[in-house]
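Step one of this worksheet: look at the structure below.
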Amino acid sequence: MFWKRLLVASILVTLVKASQETDVCPLGLARDQYLQVRGDICYEFVLYRRHTHSQAKADCEKNGGMLALIKDQDTQNYLYDQLLNTYNRPFAMAWIGLNDIVQESRYVWDDGTLPVYSHWAASEGPSATLDNGSHDCVVLDVAAGGKWRDVFCERDTFLVFFDTEEAHVYICQYPVRTVATTTVATTHLDGGVQTSITGVQIITCPVVVCQLGCAKVSNITSCPECVC
C-alpha cells in the first residue's frame, strides 16, 4: 500500500507542472505563421504587405506594440534568420524601430533609448560617408547579410521624375503575457478515493504607469490599464 501511494504521489508530482501558455500575443493579431514568440516578446513578421515607415509604425502601435528593437546580436541573428530561412525573403528590406528623424545622425529606438549595439552596412548610420541627410528611417537589409541601412521614411524623392513611395515590409514586436497554468491531475487510490489538483493561473502583466485614479483592471487581459 505504501509503495502504491508513493507511486501515485510521484505521478501527481510529474503531472502537476506549470506549463507555458503559447497564445500570449495581443488578441487583435492573426494566429498564423507570421506570429512568433521569443522569450518575453511576441514578433509579427508583416511580410504580406508594404507600408511607409509611418504606416508601419502606426500598424504596430494599434495593437500595443512597436517596430522591432534590435539591441543585441542574438536578436539581430534571430530576425535575420527568420526573414532569410523561415520566410525565404532573401531580398527583403524590413523596417525596424530606429530613426534619426528628430536630430540628424542621432539615432533613437522607438522606446526612446539610444543604440548601444548596432549593425550598420558600410557608409550607413551616424558615421555615413555619403550624404544621407534625408535618409532618416532604418531597414534591415537581408540581401546585405542583415546589415542596417537608413532610407527615406515616406517617399523617395532622389529622382524627381521617379518619385516613389518608400514602402517596405516590417517587423512588429509586442510584450507578452506570461500565463502559467498547472495541469489538473486526477487519479484513483484503493478504496475509490479520488485525488485531484485544481488548476492555478498566474498572469504576469506589463508594467503601466497611470495618473492617479486612472488605472483599472481589463476584463479581457486581467491586467491593469490606463483609462484617462
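The values are calculated or read from the model by the stated rules, or taken from the named source; none is laboratory data. This structure is a prediction, so every number in the text was calculated from the model and none was measured. Please note: Cβ atoms are built from the backbone with ideal geometry, for glycine as well, and neighbour counts cover all protein chains shown.
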> For residues in the stretch 157-181 being closer than 28 Å to Asp81 by Cα and at pLDDT below 80, which is surrounded by the most Cβ atoms within 10 Å (Cβ to Cβ)?
Replying inline: Arg177
> Does Arg50 satisfy being over 18 Å from the mean Cα position of the chain (by Cα), not aromatic (Phe, Trp, Tyr) and not in a loop (DSSP other than H, G, I, E, B)?
Replying inline: yes
> Only one residue in Asp74, Asp111 is modelled with pLDDT of 95 or more, part of a helix (DSSP H, G or I) and of a type in the set (D, E, K, R), so which one is that?
Replying inline: Asp74
> When only residues in the stretch 56-71 that are without any contact (Cβ under 8 Å) to a residue 40 or more places away in the chain and not aliphatic (A, V, I, L, M) count, which is farthest from Leu98 (Cα to Cα)?
Replying inline: Lys62
>> If I ask for residues that are crowded, with 17+ Cβ neighbours inside 10 Å and either out of contact with any Gly (no Cβ under 7 Å at 6 or more places or on another chain) or at positive phi (or both), which ones from the stretch 65-77 would you list?
In response: Gly65, Ile70, Thr75
> Which of the residues that make up the stretch 127-143 are surrounded by fewer than 15 Cβ atoms within 10 Å (Cβ to Cβ) and either at pLDDT 90 or above or among the polar types (S, T, N, Q) (or both)?
Replying inline: Ser127, Thr129, Ser134, Ala143
